[in-house]
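Quick notes on the structure that follows.
No lab work stands behind these numbers, since they all come straight from the coordinates. This one's a predicted model, so the numbers in the text were calculated from it and none came from an experiment. No Cβ is skipped: glycine too gets one built from the backbone with ideal geometry, and neighbour counts run over all protein chains shown.
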């Protein structure tokens, strides 16, 4: 009997679509509808109710089912009519088959989307010179900034400490002014508190430190994204292996966050590796203890860190 059924039609979006499929077929006995193939469940506006195609239907519905009949015909039956007049076991079996087919179709569509998303990310990875540039700059810098400077930047990145502070000695006028302010606030028998003659002030702000965080390294993020993309492109779970399919779809949800993190890391590297930011970096106290004289871009995708002669020999 199933060979007499027409192919599954497009999903109807409203009454006009539905009646274009059924051609307004009505007066169909419930027994014939029970033997049909349930193709779609529909729920239309409750402000526009219509009778269904069951023989003798006098009730108007907005929720029902599109059923394929023998001979290439289609009919719609309201959900209330189906529950009231169809054999419970037979109709439940038809609905269960429909649900399984819908789930299978949805999984098939989702798997196609997984492939498309993974292919899109692979194309982006293969055609994004800014990714390679950020990685090359960071590698060049990290090799030369070994030891104290690199550790200082990583520590600052983890703590979000972007301000560079330095000690500034107060002028005599500033000291006298602060002493006068303190004197005006104390009682006669209260001793004068200690008044420091130096203070720490912000002398610069480091941009793009995020690329030095452990989970913000562009090379590591690219490797993670590449590994995920390759997994998604090669992974082909069996149609009946639903747990594997769910795992595949869950892995797909990691694509966008991982891509966003890589993008953020690239942007951070772009902000860090500018001439002005590298000049600001020279204000760090550890720069002097590392014997660094200058940090500059080499113009060909790398960084040059110049050190005092004895530091170069030690390196």
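Laid out as a table, the results:
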{"item": "All Cα pairs of the chain, percent lying beyond 32 Å", "result": "61 percent"}
{"item": "Helical mean residue ellipticity (222 nm; -39500 (n - 2.57) per DSSP H run of 4+; nearest 500) of the chain", "result": "-16500 deg cm²/dmol"}
{"item": "Rel. contact order, % - alpha carbon contacts under 8 angstrom, at least six apart, the range 242-305", "result": "19 percent"}
{"item": "Pairwise label distance in nanometres, residue 171 with residue 201, each label 7 Å out on the Cα-Cβ vector", "result": "1.0 nm"}
{"item": "Diffusion constant of the range 264-315 at 4 °C, which comes from Stokes-Einstein with the Kirkwood Cα-pair radius and 1.567 mPa s, µm²/s", "result": "108 µm²/s"}
{"item": "Percent RCO, i.e. relative contact order, over the chain, from Cα pairs under 8 Å lying at least 6 residues apart", "result": "15 percent"}
